[in-house]
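See below for the structure under consideration.
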Amino acid sequence: MKEFYADEFYRNENGTVYTGEYIKLNPFLKKHYTLTKIENPFNELRGQKVRCVYSQIFYPDSNMILCNNVPLVDENFLDNLENCRFLGYYDENGDECDEENAVGRYETEVFQWFIIDDKTAKRLMRSTKELVCYSEKLNVYVLGVTHYGRAWDYVTTEFIF
């Protein structure tokens, strides 16, 4: 299985890496940056953050079942949060910070819950900040989708290559 599904990779002069799909959604990048195609991404990008679209972090062999009733079936599954933070804090600039330096607190809003296979869960936990929990009662990993009303081809995210 590939680590990442993408067409092409590009780097701007500041070192930020984007997929071709990300650039299509954000055409202003071409106007404001010089983008250079990365010819050998599997050798050059190992361990780097890549800006991509949500659909690129899933593969044809990712098994996912929409199951918005998970919170009703296992009310304690959020106790086993494996990845991401459900509650967080932000500073006066709106950036994430620790509780001590916070001016406010947020709770991640989840719009859909998906039961996901172990391989997909491990990849997401290793390479993203997506909300992944484990339900002991159901013996499955659960993905919390925190965006609403957009196809996954139009939602941006980041992936550690």
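Data table
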item	result
Cα-centred dipole magnitude for the chain, charges only on beta-carbon of K, R (+1) and D, E (-1), debye, nearest 20	760
Only Lys, Arg (+1) and Asp, Glu (-1) charged, at Cβ; segment 64-150 dipole about Cα centre in debye	600
Rounded D (µm²/s) - the chain, Kirkwood Rh over Cα pairs, Stokes-Einstein at 25 °C, 0.890 mPa s	142
Cys97 long-range amide H proximity, modeled H, under 5 Å	Tyr89, Tyr90, Asp91
Qualifying trypsin sites (Lys or Arg not before Pro) for segment 1-71 [loop in DSSP, other Cβ within 10 Å: at most 16]	Lys2, Arg46
Long pairs among Lys49/Lys129; Lys49/Lys122; Lys30/Lys122, criterion Cα-Cα beyond 22 Å	Lys30/Lys122
Computed [θ] at 222 nm, helices only, for the chain once each DSSP H run of length n ≥ 4 contributes -39500 (n - 2.57)	-4000 deg cm²/dmol
Those GluC sites (Glu not before Pro) in segment 86-161 that DSSP places in a loop and that have at most 12 other beta carbons within 10 Å	Glu92, Glu109, Glu136
Cα-based Rg and Dmax for segment 51-111, where Dmax is the largest Cα-Cα distance (Å)	15.6, 43
Percentage relative contact order, the chain, counting C-alpha pairs under 8 Å, at least six apart	26
Dipole of segment 11-161, positive direction: furthest Cα of Tyr154, Leu35, Asn139, with charges on the beta-carbon	Leu35
Solution diffusion estimate, µm²/s, Stokes-Einstein, segment 64-150, Kirkwood Rh from C-alpha pairs, 37 °C, viscosity 0.692 mPa s	238
Vicinal HN-Hα couplings computed from phi for segment 53-68 (Karplus, 6.51 cos²θ - 1.76 cosθ + 1.60; Hz; Gly/Pro x)	9, 3, 5, 6, 8, 10, 10, x, 8, 7, 8, 9, 10, 5, 8, 5
Of the GluC sites (Glu not before Pro) in segment 1-90, those whose Cβ has at most 14 other Cβ within 10 Å and which sit in DSSP loop	Glu8, Glu13, Glu39, Glu75
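Bear in mind that the values in this text are calculations on the coordinates, not laboratory data. Computed from a predicted model, the values in this text were never measured in an experiment. Methodologically, a virtual Cβ is constructed for each residue, glycine included, from the backbone with ideal geometry; neighbour enumeration extends over all protein chains shown.
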